[in-house]
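J.: Right, I'll just put the structure down here and ask away after.
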């Protein structure tokens with residue numbers, strides 16, 4: 001059977017094929033983990049994150065997923081600068097009531113130049129989205145972090 005395809009149809013099919021983006025080259029797990037480690041160190045004054053290292057000993061899969069995906073794939077994106085990303089993370093974790101994780105990210109925010117006043121403003125937003133109880137709990141956790149930081153100076 002000899003199927004005849006018209007020239008305009010061939011041109012259209014070729015154009016469509018060429019316009020279709022190719023899938024991104026697959027990255028190795030090692031590359032993603034390396035990028036995730038670089039993100040942590042950029043936020044943590046060049047040091048690894050102690051909670052992540054504890055997680056790595058007890059729950060290696062969760063640590064690798066956090067470092068490779070959350071940090072290596074998501075946190076390393078460039079559309080948001082680090083300060084904006086940390087303020088968003090602090091606000092989100094406060095709104096969810098995830099105070100230990102919120103404190104970690106608030107510490108990162110302080111490390112990269114976010115002020116205490118800016119962190120307080122982020123917590124004030126939580127009253128609108130999640131209510132006063134969540135904001136009050138977050139404010140207490142943030143106050144603890146501020147006190148810990150001041151005692152280390």
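Read the figures in this text as sums done on the coordinates, not as results from a lab. The structure displayed is predicted, hence computed values, not measured ones. In this analysis, Cβ positions are derived from the backbone assuming ideal geometry, glycine residues included, and neighbour counts consider all displayed protein chains.
J.: Can you tell me the relative contact order of the range 37-124? Whole percent, Cα pairs under 8 Å, sequence separation 6 or more.
T.: For the range 37-124, the relative contact order is 27 percent.
J.: A further question on this structure: Once you treat every alpha carbon in the range 27-77 as an equal point and sum by Debye, what is log10 I(q)/I(0) at q = 0.14, 0.19 Å⁻¹?
T.: Summing over Cα pairs of the range 27-77 leads to -0.29, -0.53.
J.: I've got another one for you. How high is the relative contact order of the range 80-153, in percent, counting Cα pairs under 8 Å that sit 6 or more residues apart?
T.: That works out to 35 percent.
J.: Let me ask another. Need one number: nm distance between label points at residue 38 and residue 78, each 7 Å from Cα along Cα→Cβ, rounded to one decimal.
T.: 1.1 nm
J.: What ratio of Cα Rg to 2.2 N^0.38 Å holds for the range 80-153?
T.: Taking the Cα Rg and dividing by 2.2 N^0.38 Å, one obtains 0.99.
J.: Further, regarding this structure: Round to the nearest 0.05 the FRET efficiency obtained for residue 54 and residue 116 when R0 = 30 Å and r is the Cβ-Cβ distance.
T.: It comes out at approximately 0.65.
J.: Any idea how far apart residue 147 and residue 65 come out in nm if each label point goes 7 Å out from Cα toward Cβ?
T.: 3.5 nm
J.: Mind ranking 97-105, 145-153 by how tightly packed they are, going by the mean number of other C-beta atoms within 10 angstrom, highest first?
T.: Highest-to-lowest ranking by the protection proxy: 97-105, 145-153.
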